[in-house]
Amino acid sequence: MNPSHQASARAPLDAFRLGRRDLFPLVGAAALAAFVGPAAASADYAIADDSQDDGESAPSRFVYVGTYTAPNKAPGGLVPSSAKGIYVFKMDGATGGLTQIQVFEVENPSWVAVDANASHLYPTSEVDAWHGVPKSGGITAFSIDQTTGMIKSLGDQPTAGSIPATVIVDPSGKFALVSNYIGANWSVLPIQADGSLGPATGVFAVTGHGANTGRQEAPHPHDTKFDPAGAFVFGPDLGTDHVWSWMLNTTTGMLAPNANLDSTLAASGSGPRHMSFQPGGKFMYVLGEMASSITAFEYDEAHGMGTWLQTVSTLPPDFTGNNGTAEIIVHQSGKFVYASNRGHNTIAAFGIDQSTGMLNPIGWTSTQGAIPRGFNIDPSGRMMLVGNQNGDTVVPFRINQSTGRLIPTGAVTQTPVPVSFALGNLSRTRAGAAASRA
């Protein structure tokens, strides 16, 4: 029997249209005094100031871009996609410019992830039936040629739930964990010795609904993250306003609820979408898609529990249009956190107080396109790649290591419906690769 969790019901609320003022009663009166919105910062876009940066470039590396494919239309898309599958590029570390080296055809690979040493790629296919298996998405395993960056299929598996949103490889490298948005579950698939995938070893279902009857009629798992120590697994659930918590048994491939606290409740109607940990493990940050918010928690790594610290808006105080957030990433330095705004079409940047974990706004940077669904930061922490889903562009930004501000490089790449990014290893010449093996 699959384990199941029940989320509490709440009064209806059209949280998709929440503004800054509407969010206050949702986080509670006691939290109001501590709520810090971006009002203290200028509502102008962040100034591209490179004066305090160290001037070093990111290394050149391979980049894997996920898409929604033709003839499908991406969520929030205006026209059918022209994309064919996974796009493989070589990134110029100095500019972030991308040179295409391969396109591998696979349906709707909307999320891409690599394992710890970037030797294998695991994209999920966001569909509701996979190779004759109903009510299931798909996941494909690829080996990565370390010299060319090109990928080769090792086979695929159904995800045991429809419309998979994300996949992550566990720190042991033994399992891939998938969040199935419509399937209302998380599934665990074993990774074989050659990097291929076996059938799911466990499926963990949740139940319940949230305040917004239009979007939160049922659970909608949207992300999976391990804490920095690799001890606990977390799953933001847009449909129930919960962030579920488990431990993964790396022998059996089964998830067990965190006995200390099996879920953390986010603000009603906020729609937890993605989350990110500060590398040191002291703080975690949960992105509310429907409320355009980031909630900061102090993290107890011994028990896998978070204590609420602060909720901030991802929008400037003078913005009055519609918006939904998409991605959140804490910078490798632990000093900054970034979130993408779809509607405002910006990356919101915040500084992290290293003692308290509280957020202070740095500013908002235009993504130079529409609907920035996905972005990622290269492992050096020096380059950010932003995908404008409805603009068919990847826009690179240098990250000022001192201030956290984003500086557009101008090396924009035209490519269809870029929505997620996985960063591969450093690109090497064949001669260099041969020498390293000698």
Do you know which of the residues in the stretch 254-263 that are in contact with a Phe, Trp or Tyr (Cβ under 7 Å, 6 or more places away or on another chain) and in a strand (DSSP E or B) is nearest to His209 (Cα to Cα)?
Ser263
List every residue pair whose Cβ atoms sit under 7 Å apart, with the two residues 6 or more apart in sequence or on different chains, where the first one lies in the stretch 288-303 and is among the aliphatic types (A, V, I, L, M) and the second, anywhere, is modelled with pLDDT under 95 and not in a loop (DSSP other than H, G, I, E, B).
Met290/Ala15; Met290/Phe16; Ala291/Ala15; Ala291/Leu23
Could you look through the stretch 274-311, keep only residues that are in contact with a helix residue (DSSP H, G or I) (Cβ under 8 Å, 6 or more places away or on another chain) and not in a strand (DSSP E or B), and pick out the one that is surrounded by the most Cβ atoms within 10 Å (Cβ to Cβ)?
Ala291
Top-ranked residue in the stretch 186-245 [being of a type in the set (A, V, I, L, M, F, W, C) and assigned to a loop (DSSP other than H, G, I, E, B); ranked as surrounded by the fewest Cβ atoms within 10 Å (Cβ to Cβ)]:
Ala193
Of the residues in the stretch 380-432 that are of a type in the set (A, V, I, L, M) and part of a loop (DSSP other than H, G, I, E, B), the one that is farthest from Ser60 (Cα to Cα) is Val417
Selected residue (criterion: nearest to Ile328 (Cα to Cα)) from residues of the stretch 369-414 that are among the β-branched types (Val, Ile, Thr) and surrounded by 23 or more Cβ atoms within 10 Å (Cβ to Cβ)
Val386
Out of Ala176, Ala141, Ala118, which single residue is in a loop (DSSP other than H, G, I, E, B) and of a type in the set (A, V, I, L, M)?
Ala118
All but one of (1) farther than 22 Å from Tyr122 by Cβ; (2) in contact with a Pro (Cβ under 7 Å, 6 or more places away or on another chain) hold for Trp186; state the number of the condition that does not hold.
(1)
Which condition breaks for Val36 when tested against (1) outside any strand (DSSP E or B); (2) modelled with pLDDT of 95 or more; (3) of a type in the set (A, V, I, L, M, F, W, C)?
(2)
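The values are calculated or read from the model by the stated rules, or taken from the named source; none is laboratory data. Computed from a prediction, not measured in an experiment: that's the story for all the values here. Here the Cβ is made from the backbone with ideal geometry for all residues, glycine too, and neighbour counts use every protein chain on show.
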